[in-house]
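Right, one structure below, let's go through it.
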Amino acid sequence: MQNSTLYPTVYVLGNGQLGRMLRYAGAPLDIDVRPLAFDAAPFELPADSVITAEIERWEATPLTDMLAGHPHFVNRPVFGRLADRLTQKALLDELALPTSPWCLLESPQQWPQVFARIGEKLVVKRRTGGYDGRGQWIVSRENQADIDSELFNQVIAEQFIPFDYEVSLVGARFKNGETRFYPLTHNLQQNGILRYSVADTSSPQHSRLQQQAEHMLASIMHKLDYIGVMAMECFVIGERLLINELAPRVHNSGHWTQLGCAISQFELHLRALLDLPTPALETAMPSVMVNLIGTPHNAAWLNTPFCQLHWYGKAVRPGRKVGHLNLAHPDKKVIIAQLEKLRGELPQDYQSGLDWAIEKLQ
Ligand code: ATP
Ligand code: MG
């Protein structure tokens, strides 16, 4: 007689919205996905369990120590390596992949050399723990004193890139080395936080950039012997891609795949972890994702055709990601009409991004 459960339980380190969406994605396939809070009590893991994470860095607690030391923690060594911008940038250099020139900031005496070698305008970034633009400073010779002495050795300096626009690639690698990729997503960041994503493959540059990006992310995943979904954020300058950063997990810029693809990035991650048969990801429809940031819930959003609301159930605070809206339709005009409808239901700080998304779709 066949056992009633087909797959091992997948435990997720971290129980934020990404863990929650991994759990939803597992449900139709009857994959039991259990996100775990860092402060949950340690417990006896079933022998065949699979462990993954929704975040690249975590505090040491009895539970995280137990999970991180477990032999079934997939990609365990990758997390620390990518969570530190220094080792992440060093990996890109080692693979000779294009990224903005950078160095470790070690002491104030280094400033003249950094401006001369890296650039006159810099982005100084915390090596670990920064997110949504936090832990970043734009620095030139005039304001170098803004970088407090205790930040030295904790930050890298990279060249400020006057890019044309930003894209990201979300893809996955399977155990046998096969890869799958979604189409490149165009991202609008405002004040360091993702506001909108647009996935549309009809731009004249699309196929060349897609090819470049797939080649880059594939070489990173192969080098790391990685299994699961990884995201790569890039700057586009003319016909060229520069890698901004990598995330060894499902990513905010891939949320549109929940509606625009038959297999979402969350399901793709589970499929790769469990080594399930997976077709090429060719089913994408033009899609838009609107991040809901610090905005109270509005029931009117629900009354939008071809639109899906994800509300994370978190307390609403300024600058906090509290949900997102996905819109997808084969006819881009239909998406534009729904974005125009949502215009009246979203606050002022969404308006310029709506203009951007509509322009991208035209
Ligand atoms: P995330 O929310 O993606 O985790 P983060 O806080 O980790 O963001 P980055 O992705 O490094 O940080 O930077 C956030 C945004 O700041 C980028 O998407 C880009 O818009 C801008 N930015 C970062 N680095 C540079 C750079 N070198 N030149 C110009 N703009 C930059
Ligand atoms: Mg980023």
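Structure notes:
- Volume per residue of the C-alpha convex hull in segment 166-255, rounded to whole Å³: 89 Å³
- Angstrom value of the Kirkwood radius, inverse mean 1/r, which spans all Cα pairs in segment 267-328: 13.9 Å
- Rounded accessible area of I227 (nearest 10 Å², 1.4 Å probe): 30 Å²
- If you look at the Cα atoms of segment 153-193, you get an Rg and a Dmax of 15.3, 40 Å.
- Segment 128-219: C-alpha pair distances exceeding 22 Å, %: 49 percent
- Between segment 1-57 and segment 291-344, the alpha-carbon centres lie 27 Å apart.
- Peptide ranges 93-104, 343-354, 193-204 listed from the most packed, as the mean C-beta count within 10 angstrom indicates: 193-204, 93-104, 343-354
- The magnitude of the dipole of segment 158-316, with charges of +1 and -1 set on the Cβ of Lys/Arg and Asp/Glu and taken from the Cα centre, is near 280 debye.
- Local net charge near I263, Cβ-Cβ under 12 Å (Lys/Arg +1, Asp/Glu -1): 0
- Column: log10 I(q)/I(0), Debye, Cα scatterers of the chain, q = 0.12 Å⁻¹: -0.95
- Rh by Kirkwood over Cα pairs, then Stokes-Einstein D for segment 230-348 at 0.890 mPa s and 25 °C, µm²/s: 153 µm²/s
- Protein accessible area in segment 169-242, 1.4 Å probe - carbon and sulfur %: 48 percent
- The Cβ shell under 13 Å around L86 holds other residues with a net charge of 0, Lys and Arg each +1, Asp and Glu each -1.
- Whole-Å distance, taken between Cα centres, linking segment 169-187 and segment 228-266: 8 Å
- Computed log10 I(q)/I(0) for segment 1-143 at 0.10, 0.11, 0.17 Å⁻¹: -0.51, -0.59, -0.99, from the Debye equation with unit scatterers placed on every C-alpha and solvent omitted.
- Computed about the Cα centre, the dipole magnitude for the chain is approximately 280 debye when only Lys and Arg (+1) and Asp and Glu (-1) carry charge, each at its Cβ.
- In segment 67-136, trypsin sites (Lys or Arg not before Pro) in a DSSP loop with at most 13 other beta-carbon atoms within 10 Å: R134
- Reachable lysines from K89, criterion Cα separation under 18 angstrom, eight or more residues apart if same chain: K125, K223
- Of the residues I293, I55, the one with the largest accessible area comes first in the ranking I55, I293, computed with a 1.4 Å probe on protein heavy atoms.
- Per-residue ellipticity at 222 nm, computed for the chain from helices alone with -39500 (n - 2.57) per DSSP H run of at least four residues, works out to -8000 deg cm²/dmol.
- Normalised size of segment 86-139, defined as Cα radius of gyration per 2.2 N^0.38 Å with N residues, equals 1.18.
- Qualifying lysines (Cα of each under 30 Å from Cα of K332; at least 8 residues distant if same chain): K321, K341, K360
- Look at the alpha carbon pairs under 8 Å that are at least 6 residues apart: their mean separation over the length of segment 66-173 gives a relative contact order of 29 percent.
The values are calculated or read from the model by the stated rules, or taken from the named source; none is laboratory data. Being a predicted model, the structure only gives us computed values, none of them experimental. With ideal geometry, Cβ positions are generated from the backbone for all residues, glycine too; neighbour counts draw on all protein chains shown. The protein model used for the area step is the full one, side chains on, heavy atoms only, and it has no ligands, DNA or RNA in it. Shrake-Rupley method; radii C 1.70, N 1.55, O 1.52, S 1.80 Å.
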